[in-house]
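Presented below is the structure to which this report refers.
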Amino acid sequence: MSSTLLLGKLALITGAGGGIGRATAVRFAQEGATVIVTDRKIKQAEETAKKLGGTHLPLELDVTNADNVQSVIEEAINKYKRPPSITVNCAGITRDAFILKMDDSDFDLVLNVNLKGTYLVMKHVVQKMIEHKVGGAIVNISSITAKMGNMGQCNYAPSKAAVETLTRVAAKEFAKFGIRVNTVIPGFVHTPMTDHVPDKVKELILKQIALKRFGEPEEISDTIAFLSSDKSSFVTGASIEVSGGQS
Ligand SMILES: NC(=O)c1ccc[n+]([C@@H]2O[C@H](COP(=O)([O-])OP(=O)(O)OC[C@H]3O[C@@H](n4cnc5c(N)ncnc54)[C@H](O)[C@@H]3O)[C@@H](O)[C@H]2O)c1
């Protein structure tokens, strides 16, 4: 299926070697966008780019590294002569443990990737958008666990709550530059991130979901595509739950 929701747009996706990032890259390409497909694991980014066909750009990007963030944006500008007008922050990790057993370095790591990484990418991409007088849209990814306060996620859940708050701040700061910033809040989705969740835990989670099934990455990308497109031109600072009614 191909259509024209994002025709001619240049989009940067982080974590695009993973489940939701990859599905988003595929969807964006189908909608006519050119995609800068980034991931900390370059092989996975390249695999995603291969799926897209056409002229997309896979690049290695660790979102916690400010120099790396800046050099990737520069490389994209050198190639396309403009910064991306769409950015989707999909890079994210979990390091689950109960508070009393949490390794302090795992606490920091999760905050660093999920929250600081989102901040760094937004900051540097928006600097270039302003310099080049390019408006556009940024979509950040939170999680339903931020609202639910999931046991075992004392690092992940607060990091995702902070992403939502950061998004609302960014929406206010960047509106005058013609840049909208929104959050998607997925529930439990079938991806490599959730593959390792034990069946017992999955059964418990299923009970929390009104639709009584897990989501597919493509169902998250549908909302990401909407928020990245001109169809959502009056939507900013918003959070959209895509969770099958998980609470
Ligand atoms: N799968 C779910 O149920 C679910 C639910 C709610 C929110 N989310 C969020 O959606 C986003 C995508 O998750 P997913 O399920 O596709 O996970 P995933 O593990 O399949 O993909 C995440 C990708 O991020 C990359 N990554 C990790 N650290 C990075 C870093 N420092 N710099 C750049 N890339 C890095 C990984 O290499 C991986 O390819 C994440 O932010 C996740 O927290 C997922």
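Go over the candidates GLY15, GLY19 one by one and state the one that is within 15 Å of the ligand (Cβ to nearest atom) and in contact with a Gly (Cβ under 6 Å, 6 or more places away or on another chain). Before you say what the answer is, go through the steps one by one.
Working: GLY19 fails: in contact with a Gly (Cβ under 6 Å, 6 or more places away or on another chain).
Going through GLY15, GLY19 in turn, just one is within 15 Å of the ligand (Cβ to nearest atom) and in contact with a Gly (Cβ under 6 Å, 6 or more places away or on another chain): GLY15.
Have a look at VAL88, VAL125, VAL121, VAL113 and point out the one that is within 16 Å of the ligand (Cβ to nearest atom), closer than 18 Å to ASN65 by Cα, among the hydrophobic types (A, V, I, L, M, F, W, C) and out of contact with any strand residue (DSSP E or B) (no Cβ under 6 Å at 6 or more places or on another chain).
After applying the criteria, what remains is VAL113.
What helices (runs of 4 or more DSSP H) completely inside the range 136-221 contain at least 1 residues that are of a type in the set (Lys, Arg)?
Helices (runs of 4 or more DSSP H) meeting the threshold: 144-148, 156-174, 199-207.
Please determine, by comparing only the residues of the range 22-33 that are surrounded by fewer than 23 Cβ atoms within 10 Å (Cβ to Cβ) and more than 18 Å from GLU47 (Cβ to Cβ), which one is farthest from the ligand (Cβ to nearest atom).
The qualifying residue farthest from the ligand (Cβ to nearest atom) is GLY32.
Looking at ASP39 and the list (1) crowded, with 22+ Cβ neighbours inside 10 Å; (2) more than 9 Å from the ligand (Cβ to nearest atom), which single condition is not satisfied?
Against the list (1) crowded, with 22+ Cβ neighbours inside 10 Å; (2) more than 9 Å from the ligand (Cβ to nearest atom), ASP39 comes up short only on (2).
Is it true that some residue in the range 146-163 is among the hydroxyl-bearing types (Ser, Thr, Tyr), surrounded by 14 or more Cβ atoms within 10 Å (Cβ to Cβ) and in contact with a strand residue (DSSP E or B) (Cβ under 8 Å, 6 or more places away or on another chain)?
The answer is no; no qualifying residue exists.
Tell me which of these LEU61 doesn't satisfy, since it passes every other one: (1) more than 9 Å from the ligand (Cβ to nearest atom); (2) of a type outside the set (S, T, N, Q); (3) within 19 Å of GLN127 (Cα to Cα); (4) touching a residue at least 40 places away in the same chain (Cβ under 8 Å).
Condition (1) is where LEU61 drops out.
Go through the range 13-42 residue by residue and tally those that are of a type in the set (Lys, Arg) and either in contact with a Pro (Cβ under 9 Å, 6 or more places away or on another chain) or part of a strand (DSSP E or B) (or both).
Of the residues in the range 13-42, 1 are of a type in the set (Lys, Arg) and either in contact with a Pro (Cβ under 9 Å, 6 or more places away or on another chain) or part of a strand (DSSP E or B) (or both).
Residues being surrounded by 22 or more Cβ atoms within 10 Å (Cβ to Cβ) and in a loop (DSSP other than H, G, I, E, B): count how many of those fall in the range 57-84.
4
Kindly indicate whether any position in the range 105-125 is in contact (Cβ under 8 Å) with a residue 40 or more places away in the chain, closer than 20 Å to SER228 by Cα and in a loop (DSSP other than H, G, I, E, B).
No, the conditions are met nowhere in the range 105-125.
List pairs: first in the range 176-198 and under 27 Å from VAL126 (Cβ atoms) and within 8 Å of the ligand (Cβ to nearest atom), second modelled with pLDDT of 95 or more and part of a loop (DSSP other than H, G, I, E, B), Cβ under 6 Å, 6+ apart or cross-chain?
Matching pairs, first to second residue: ILE185/SER142.
The values are calculated or read from the model by the stated rules, or taken from the named source; none is laboratory data. Note that this is a predicted model, so its numbers are computed, not measured. No Cβ is skipped: glycine too gets one built from the backbone with ideal geometry, and neighbour counts run over all protein chains shown.
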